[in-house]
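Remarks on the structure that follows.
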There are 4 protein chains.
Amino acid sequence: MISKDDYFILYMDEKSYYMLPFTENQSFSSHRGNVKFEGGMEYGDKLTSHMGTDFYVLRPTLADRMMKVKRRTTIIYPKEAGTILLELGIENGSRVIECGSGSGSLSVLLSRIVGPSGKIYSYERRPEHQESAIKNLSKFGKPEHVEFFLKDPVTDGGFGVTGVDSVFLDVPEPWTLIDAAYDALKGGGFIGTLNPCIEQIQTTVEKMEQSGFIRIRCIEILVRGIRVKKNMTRPHDRMIAHTGYLLFAQKINQKPGLKSE
Amino acid sequence: MISKDDYFILYMDEKSYYMLPFTENQSFSSHRGNVKFEGGMEYGDKLTSHMGTDFYVLRPTLADRMMKVKRRTTIIYPKEAGTILLELGIENGSRVIECGSGSGSLSVLLSRIVGPSGKIYSYERRPEHQESAIKNLSKFGKPEHVEFFLKDPVTDGGFGVTGVDSVFLDVPEPWTLIDAAYDALKGGGFIGTLNPCIEQIQTTVEKMEQSGFIRIRCIEILVRGIRVKKNMTRPHDRMIAHTGYLLFAQKINQKPGLKSE
Amino acid sequence: MISKDDYFILYMDEKSYYMLPFTENQSFSSHRGNVKFEGGMEYGDKLTSHMGTDFYVLRPTLADRMMKVKRRTTIIYPKEAGTILLELGIENGSRVIECGSGSGSLSVLLSRIVGPSGKIYSYERRPEHQESAIKNLSKFGKPEHVEFFLKDPVTDGGFGVTGVDSVFLDVPEPWTLIDAAYDALKGGGFIGTLNPCIEQIQTTVEKMEQSGFIRIRCIEILVRGIRVKKNMTRPHDRMIAHTGYLLFAQKINQKPGLKSE
Amino acid sequence: MISKDDYFILYMDEKSYYMLPFTENQSFSSHRGNVKFEGGMEYGDKLTSHMGTDFYVLRPTLADRMMKVKRRTTIIYPKEAGTILLELGIENGSRVIECGSGSGSLSVLLSRIVGPSGKIYSYERRPEHQESAIKNLSKFGKPEHVEFFLKDPVTDGGFGVTGVDSVFLDVPEPWTLIDAAYDALKGGGFIGTLNPCIEQIQTTVEKMEQSGFIRIRCIEILVRGIRVKKNMTRPHDRMIAHTGYLLFAQKINQKPGLKSE
């Protein structure tokens, strides 16, 4: 049974679906008619509108939770987010810095992965973005695992947290935060960035190479939708061709240019 | 400090790195010389071989843990695994069926995501594969969160588990397991499959449509490596062009063709 | 000097350009102002509208000539057309069948490649499409090198032409024309098809294998636009992900299933 | 009937085929046995080796003629060459500059497209490459339509030809040849370059913008092979992910920064 304020996906078709909080006896209106949400409604139920259209009550995927945040900014997309988890070793119990908070779509994901033994430290310098991230997190994520900071770590003394497992930077000038990330990370720990333009990546790589990071690697991810239909199977004719370049690296204990021993 | 039997990545360059368990005073030989692992070694440390080559001691990423399993079978690749998490809602606390266990690369990942409040049920019908999966899991994963079953759910009465959040099928004929997956899943729960050939997808979609699944969607994921180097930045000249098609869907409570009420 | 009725591209920016026939003293109106085409205008000239916007008078590329035909049908795109030339050996002097004529975009290209010693035979069964193809060809192609046929070669006795170098089929059911193509082609000659759905390709491949064709191969072509701009270089965010699968093969002299001597 | 010295493709399977000149009674040896080429052999014929393997005698595609040149250098690939034709307006009668000649693979193609009323001007500064290009052209192309120049147009006074329709640059530093290309081209004429690294493209774009070119655009082309086989249809698992970025532009009559009238 879906409880009050639990979110569900109201699904009509591939292009029409909504993320809604449950309230008994509330109804939803669309151009295909109205449906009413009655007490005892379960995930998986079919509802039929007064115009005869079927709607389905589905559990939200993690991708839904990211995509359905109210956006004030460009968000991290699921196609990159999955790889970010894998390459930054983000798992149960991880302690992770993200900067900036943006609209909170990545915070939503991370907070649901790290669990009660982990922690997300989320930095943002613009109050209106932070507010938006906090709101989205409280709706779709696990706010109890996220600590928000309203500050610019570039000008305001770094992250102020140490020994974290991973740092993810979603800012236009990631190179300005590489030193702060170095100070916050464990030895051998993970850093990642996402940027649309190759010059941003070039500048960040150069900075990483000078600042104690190794195993620097860059990828981009393309996702093609395939329509599977009898005698009409084919890739979709349009796709998102580029969101950004992902850059990953790991911290080493001795910065290049420094003498050892 | 790295403890006895902890795994680390010994990194020389992009093409040469190894996943090794730590034993004090053990050494590693390569064509670039030998390095010795002394007590007190830390993640992030640099080791220099007797031939002068630098090696780095790094934390394994989740992608490393998947890719470095000893393989008896084709494995799930990180590029798909991230999306599987996102689309199957696999997070802290999830209860997930995977079938088959294969070499255990996905079990490794899932066991590190769901944490102590979650559970992975892993099915395999070939004893030699199960054995391999168990070994790999004990090295790179969290065996305490995984329960293994040696059985063929097609011929042997289904999964025998109910109310799970997600089912992932990595078998050549996923359509034979759709009914078993339906019985095991919660209402609105998630199913996913991965197969290389379009005919496998077509048959599975047809079966899903008849068996109480909706929001069926298929994608493929392409990852391009980018070399970022001063005045020589370019995509790699070769790439993995296809591992498989990912298919996702969700369970609805009323099978098509059945009367309601 | 541009002569009366010569076509030129009037180019404002990447998204705004037009293919126009030259008439002295005619003018062109846009939301960025009017420009007048005076006698003596040359390719490469800059014209400035009364509102101060620059327009450039450019030669049309072959891609422009294909894309700017008036469309009654889906057209062949330049990204596939170039490969069609290369894989079907279409060069100076080639004799080529195309079926159907469609809107004539491919006829335009082929007619400009084969020259006076070559010939295009273009088949179409719908009069309104043929009419459209003929009109487009007369504007953008070399009509003197194209012979049009209004017929359905499936039901009406094949192509009625023999010894051609290449056959290109742009029809929804190419398998119905494989035998006719076989009869029309030289030994070792080339056939190609373009279709959006994989089932069309599968059926055509099966028919080709039974009908005296070998070296059957299928590809798809993806083109990514790149924005090159100081500190803002990146792939475009959207792309055409799929137009169709290209299928190529070559005729052999002995049909499988037939005994030789 | 195939004449003496005509080239043909001897085709065994997708991975094993050869481009050979015909000589009566010559034979070809492979690990699948020997075949002999008798007088009267026709394109499309099947030959069976003494070990029972079938070989087919096929016409070479234009792609074959490009790929089978003896290589001293990286060559232009068919996947880019088709688009080069389309975007540089290279057709029957075109006058085209290419620089450098390289191994002559593009010269082979262009010489077969422009016909007797067109002309290719091919520049190369290394004698050993020119020699190789000339040899390849005489085997696979139309040498009568190509004029070779052994010179470096950068240091040696430009191309020395004017009023050409198109210029294609296949050199590591195309920006050094933009002014020479400008001088050689007709108004509104076409220029194209191909380079693997984004920095080469960035420098060339900057130079083009300052040197009288407009409609500058950059693309890259990806080709995926598809295996079409009953119940086993899928993209190939490996592909060429990057050969280079294609850059195209057109000449305008007034260089920016110069006064008109």
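The values are calculated or read from the model by the stated rules, or taken from the named source; none is laboratory data. Since the structure is predicted, the reported quantities are computational estimates derived from the model, not experimental observations. Every residue, glycine among them, receives a Cβ derived from its backbone with ideal geometry; neighbour counts consider all protein chains shown.
Observations, loosely collected:
- Only one of the numbered conditions (1) within 13 Å of chain A (Cβ to nearest Cβ); (2) closer than 23 Å to A:Arg227 by Cα is not met by B:Asn231, and that is (2).
- Test result for A:Thr74, out of contact with any strand residue (DSSP E or B) (no Cβ under 9 Å at 6 or more places or on another chain), at pLDDT 95 or above and among the polar types (S, T, N, Q): no
- Only one of the numbered conditions (1) touching a helix residue (DSSP H, G or I) at 6+ places or on another chain (Cβ under 8 Å); (2) touching a residue at least 40 places away in the same chain (Cβ under 8 Å); (3) facing another protein chain (nearest Cβ under 8 Å) is violated by B:Ile226, and that is (2).
- Evaluating C:Gly102 against the criteria (1) in contact with a His (Cβ under 8 Å, 6 or more places away or on another chain); (2) over 28 Å from C:Arg224 (Cα atoms) leaves one unmet condition, (2).
- The range A:151-170 - residue that is within 28 Å of A:Ala63 (Cβ to Cβ) and touching a Lys or Arg at 6+ places or on another chain (Cβ under 7 Å) and, of those, nearest to the other protein chains (Cβ to nearest Cβ): A:Asp165
- In the range D:163-175, the residues that are of a type in the set (Asp, Glu) and either in contact with a strand residue (DSSP E or B) (Cβ under 8 Å, 6 or more places away or on another chain) or surrounded by 24 or more Cβ atoms within 10 Å (Cβ to Cβ) (or both): D:Asp165, D:Asp170
- Condition met for A:Ile191 (surrounded by 24 or more Cβ atoms within 10 Å (Cβ to Cβ), more than 21 Å from A:Val69 (Cα to Cα) and within 14 Å of chain B (Cβ to nearest Cβ)): yes
- If the condition is being without any contact (Cβ under 8 Å) to a residue 60 or more places away in the chain and among the acidic types (Asp, Glu), then the range D:82-118 contributes only D:Glu91.
- Residue check for B:Ile178: within 13 Å of chain A (Cβ to nearest Cβ) and either surrounded by 18 or more Cβ atoms within 10 Å (Cβ to Cβ) or not aliphatic (A, V, I, L, M) (or both): no
- Any hit, the range D:145-164, residues being closer than 21 Å to C:Gly89 by Cα and free of Cβ contacts under 8 Å to residues at least 40 places away in the same chain: yes
- In the set B:Lys142, B:Lys151, only one residue is under 14 Å from the mean Cα position of the chain (by Cα), surrounded by fewer than 23 Cβ atoms within 10 Å (Cβ to Cβ) and not hydroxyl-bearing (Ser, Thr, Tyr); that residue is B:Lys142.
- Test: residue in the range A:140-155 that is of a type outside the set (Phe, Trp, Tyr), under 27 Å from A:Pro21 (Cα atoms) and part of a strand (DSSP E or B): yes
A quick yes/no check of all residues on (1) over 23 Å from the mean Cα position of the chain (by Cα); (2) more than 30 Å from B:Glu14 (Cα to Cα); (3) surrounded by fewer than 22 Cβ atoms within 10 Å (Cβ to Cβ):
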{"residue": "B:Glu199", "(1), (2), (3)": "yes, yes, yes"}
{"residue": "B:Val223", "(1), (2), (3)": "no, no, yes"}
{"residue": "B:Arg227", "(1), (2), (3)": "yes, no, yes"}
{"residue": "B:His236", "(1), (2), (3)": "yes, no, yes"}
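- Candidates D:Glu173, D:Glu199, D:Glu209 - the one that is of a type in the set (D, E, K, R) and either on the phi > 0 side of the Ramachandran plot or at the interface with another protein chain (Cβ under 8 Å from one of its Cβ atoms) (or both): D:Glu199
- Against the conditions (1) without any contact (Cβ under 8 Å) to a residue 24 or more places away in the chain; (2) closer than 30 Å to A:His242 by Cβ, A:Phe22 satisfies every one except (2).
- Every residue from the range C:50-73 that is closer than 14 Å to C:Tyr17 by Cα and more than 30 Å from the chain's Cα centre (by Cα): C:Thr53, C:Asp54
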